1. Anything in segment 511-550 that is over 20 Å from the mean Cα position of the chain (by Cα), under 17 Å from Arg378 (Cβ atoms) and either open to solvent by 10 Å² or more (accessible area, probe 1.4 Å) or modelled with pLDDT under 95 (or both)? List them, or say none.
2. Tell me the helices (runs of 4 or more DSSP H) entirely within segment 219-301 that contain at least 1 residues that are farther than 18 Å from Val22 by Cβ, open to solvent by 40 Å² or more (accessible area, probe 1.4 Å) and charged (D, E, K, R).
3. Checking Asn459 against (1) closer than 21 Å to Thr507 by Cβ; (2) touching a residue at least 60 places away in the same chain (Cβ under 8 Å); (3) open to solvent by 20 Å² or more (accessible area, probe 1.4 Å); (4) not β-branched (Val, Ile, Thr), only one condition comes out false. Which one?
4. If a residue must be farther than 18 Å from Glu534 by Cα and surrounded by fewer than 23 Cβ atoms within 10 Å (Cβ to Cβ), how many such residues does segment 24-37 contain?
5. What is the number of the single condition among (1) touching a Gly at 6+ places or on another chain (Cβ under 8 Å); (2) in a strand (DSSP E or B); (3) of a type outside the set (A, V, I, L, M) that Lys575 does not meet?
6. State the number of residues belonging to segment 389-406 that are farther than 16 Å from Ile445 by Cα and in contact with a Lys or Arg (Cβ under 9 Å, 6 or more places away or on another chain).
7. Is there a residue in segment 126-140 that is free of Cβ contacts under 8 Å to residues at least 24 places away in the same chain, of a type in the set (A, V, I, L, M) and open to solvent by 30 Å² or more (accessible area, probe 1.4 Å)?
8. Could you pull out the residue among Leu73, Leu44 that is in contact with a helix residue (DSSP H, G or I) (Cβ under 9 Å, 6 or more places away or on another chain) and either at pLDDT 90 or above or under 25 Å from Lys243 (Cβ atoms) (or both)?
Amino acid sequence: MNIFESLNDRQIEAVKTTEGPVLILAGAGSGKTKTLTHRIAYLLSQDIKPENILAVTFTNKAAEEMRNRIKKLLEIENLKLKIENLFVGTFHSFGVKVLRHEIEKLDYKNNFVIYDEDDVFSLAKSIRAELNFPQDKLKAGTLINIISKAKSELKDLEEIVADADELYRNRILRFNEIYKRRMFAANAVDFDDLIILPVKIFQKFPEILNRYQDQYKYILVDEYQDTNHSQYTLINLLSQEYKNIFAIGDPDQAIYGWRHADFRNILNFERDYPNAKVIKLEENYRSTQNILSAAHEIISKNVERKEKKLWTQNPAGNPIEVVEAGDERDEADFIISKIADLNKNLGVDLDKIVIVYRTNAQSRVLEEACLYANLPYRVIGAVKFYQRKEIKDILAYLRLILNPDDEISEKRIEGVMGKKKFADFKINLPELNKQTEFLPPAELIKNIIKKTNYYDYLNQKFSGIDSDGEPESESRIKNIRELIGLASKYDEAGETVLALSEFLAETVLMQENRNDNASRKLNLMTLHSAKGLEFDAVFIAGCEENLMPHSRSIYSLPELEEERRLCYVGLTRAKKYLWLTFVKSRGLWSERNEVLPSRFVMELPPHLVNFRSLADDFNVPEIELD
């Protein structure tokens, strides 16, 4: 078998075009990683030295997969090459490699340390306390994100906060001044520094840049649409001498704007490299033609994109199933019943099926439906709902209020509050226990949150962005509001102490899954977590306005287009079967609202869709799983 044997014509062209700038627009399921790794193997087969090749991607997992594929290809080719000096890794690992040799040029010591997110957050909290910022203003996570944005965009912080009011602006600038001084004194760098410091070195010392340009004559960038401005600048500086830059990606799958990724980098590639060769990988090996046609109809409504249209030699396949349910419980029950049907009657293994949704909080009702059906499942990219820290914390408060002798709950709450604050809380336990006699569970939770300032605790403790693109603290608060919504079922349950006991019992029973050790499990995940994966059957739940697209995107065209790309990613995960579901009324985050179908659903061509309303069904299929 040679390097080209399993490639199509466009992939072969991409592999063989080794000189000059090359842009590969690789559609979903078109063999992007295969093309990239075969190109590296081809370069090595042409006597190009491993140390002259630089291949960068975004995750260690992707880099490891690329390395393994290259090794396998070289074994097939029986190429006796030593590839230890071949760099295949993340942007950040390349930054570390540069700084290990060059950081002293910026007056750091060579034994610098890298601060992770927790380290940076701890330092930020310390500086914030030192500056005595008001508790409800400029939280540590906000300050870190503002500084990260400036670094990612290679802008002065003054430019980022130019439109802010004077007091706000001065506080941020003062914080940044101390943050930089403390980091430098500790001989420490953060993740953003791993990119911007090499950029500074290359810009300040041309002789160093020339040395790296001479070494890395062939540069390959995976997922080019996900680069931020600092990463783009780093690669652009390195490639200026030989211009043998190979950028591969898909602007239609750019969904990380909230991480400061700038998909315009891939749109502007031909402006940056006027002689660039552009190759489109449009043959899809994953999905049926109906799924591809439906996805194209949605993504083609975006203005900022490069035109391409996926096609496949696979069959046309089934129509896209669009289902209207009454509420989220009807939706979940329907989805689980269809999964049971796929599994039992069509032989689709559970691990080949996924339910995707826009926000993490949506998983709760879907998890409950799985548990009621005794269906083994796993939540990818997040913790199962009842195992999430904030949920376990609130339940521990409730258990201790109901039963002051609960040692485990006491230890957990003490860990949250600290010994001093917990001592005060314990004094108030009898009063809180008395409240169980007249407050239903939902109101009791709200009271606990108020008395303990638990939301402030979450805001201070969690500064990052979750897999849904939301601030992590906000996502956790929404999970608690979802728990409050569940607890509100007991508002009219009569005796409140008994209602609380039953609610707590339900939350425990909901965690019992007799199939938890099953080797094949149904997958649940957010749309963001689904990128790069594929499944025989995909269910996209919650296809509604203000959920998908998210409410925060409605008045922003760039954000709305990113939501459309996120929907496109969801559709193109499916190989054979695809369901989109929406409801008339959704209870989410302890609120119930009448909702409208997503505009993305309305854009699907009628000839590709089977529409069904559960209100027209006389009965719901029974859920049976062995």
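1. Result: Gln511, Glu512, Asn513, Arg514, Asn515, Asp516, Asn517, Ala518, Ser519, Arg520, Lys521, Asp536.
2. Passing ranges, in order: 264-267, 289-299.
3. Condition not satisfied by Asn459: (1).
4. 0
5. The failed condition is (1).
6. Result for segment 389-406: 2.
7. Scanning segment 126-140, I find at least one residue that is free of Cβ contacts under 8 Å to residues at least 24 places away in the same chain, of a type in the set (A, V, I, L, M) and open to solvent by 30 Å² or more (accessible area, probe 1.4 Å), so the answer is yes.
8. Leu44
The values are calculated or read from the model by the stated rules, or taken from the named source; none is laboratory data. Computed from a predicted structure; not experimentally measured. Positions of Cβ are generated from backbone atoms using ideal geometry, with glycine treated the same way; all protein chains shown enter the neighbour counts. Accessible surface is based on the protein model in full, side chains and every heavy atom, while ligands, DNA and RNA are left aside. Shrake-Rupley method; radii C 1.70, N 1.55, O 1.52, S 1.80 Å.
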